[in-house]
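Right, one structure below, let's go through it.
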Amino acid sequence: MQFGNLFTAGGVVMWPLLGFSLLAVALIIERVRFWVKINNRQNRVVREVLQLYRLDNVVGALDKLQQNTDLPIARIFLAALELEEPTPEEFRLALESEAQAEIPLLKRFQNIFETIIGLAPLLGLLGTVLGLIASFASLNIGEVGGAKTTGVTGGISEALVSTASGLVVAIFTLLFANTFRGLYQRQIAWIQEYGGQLELLYRRRYERGEKSYAPTR
C-alpha cells in the first residue's frame with residue numbers, strides 16, 4: 001500500500017499525527033544542535049577558565065567567559081565573577097541562582113515532547129475506533145459471508161494504520177526525549193562539579209585576601 005493510501009486509510013486523525021511528527025522533528029533538530037554545541041566546547045572552555053582563575057588571572061578568565069556567553073556554564077560563572085568583592089556566601093548564591101535560571105533552557109521543549117508521547121498513541125487508537133465504527137456501520141445483518149464482509153475486513157486492517165502511526169510517532173519522540181533528559185541530567189552534574197571547583201578557588205582567594213589585610217600584633 002502506498003503512503004498516500006495509508007494516510008487516507010488512517011482517517012482524519014492522521015492530520016494531527018502528521019503535525020505532531022513534523023513538530024517533533026523540528027524540535028529534535030534544534031535540541032541536537034544545542035547539545036552538540038555544548039558538548040563540543042563547554043569542557044574545554046571551563047577548564048581554561050578554571051586554570052586562568054587558579055593562576056589569579058581573573059581578567060583573562062572573565063574575557064574567556066565573555067567570549068562564550070552562548071554556553072550556560074559561562075553565564076553561570078559570569079554571574080558570580082562579575083560581583084564586586086562578594087563574600088563566599090554571596091558568591092555561592094550567585095552561582096546557584098544563575099544555575100536555576102538556566103534550567104528552563106536546558107529542559108526546553110521537554111513538556112512538548114511528553115505531550116506528543118502521550119497524545120500520539122491515543123490519537124492513533126481514536127482513529128482505529130472511528131475506522132471500526134465506520135466499517136461495521138456499513139455491514140448489514142444477513143450479509144455475513146458476502147462481498148461486504150470482505151470489505152469490512154479490509155476496512156478493519158486499514159483502520160489499524162492510525163494506531164501503528166501513533167505508536168511510531170510516540171516511540172520516535174520518546175527515544176530522543178529520553179536522550180535529551182539524560183544530557184540534561186549530566187549537564188546539571190557538570191554545573192555542580194565545575195561550580196564547586198570555582199567556589200573553592202574563590203574561597204581560597206578570599207581567605208588569602210583577608211589574611212593579607214589582617215592587622216599584625
The correct count of residues that are over 8 Å from Pro121 (Cα atoms) and of a type in the set (Gly, Ala, Ser) in segment 166-179 is 1
Looking at Arg108, Arg92, Arg44, can you tell me which residue is of a type in the set (Lys, Arg) and surrounded by fewer than 14 Cβ atoms within 10 Å (Cβ to Cβ)? Arg44
Taking only segment 42-88 into account, find how many residues are within 11 Å of Leu198 (Cβ to Cβ) and either of a type in the set (Asp, Glu) or in contact with a strand residue (DSSP E or B) (Cβ under 9 Å, 6 or more places away or on another chain) (or both). 0
Can you tell which of Val168, Val129, Val161, Val144 is at pLDDT 90 or above and either outside any helix (DSSP H, G or I) or closer than 30 Å to Ala24 by Cβ (or both)? Val168
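The values are calculated or read from the model by the stated rules, or taken from the named source; none is laboratory data. For clarity, every value in this text was computed on a predicted model and none was experimentally measured. Glycine gets a Cβ as well: all are built from the backbone with ideal geometry, and neighbour counts include every protein chain shown.
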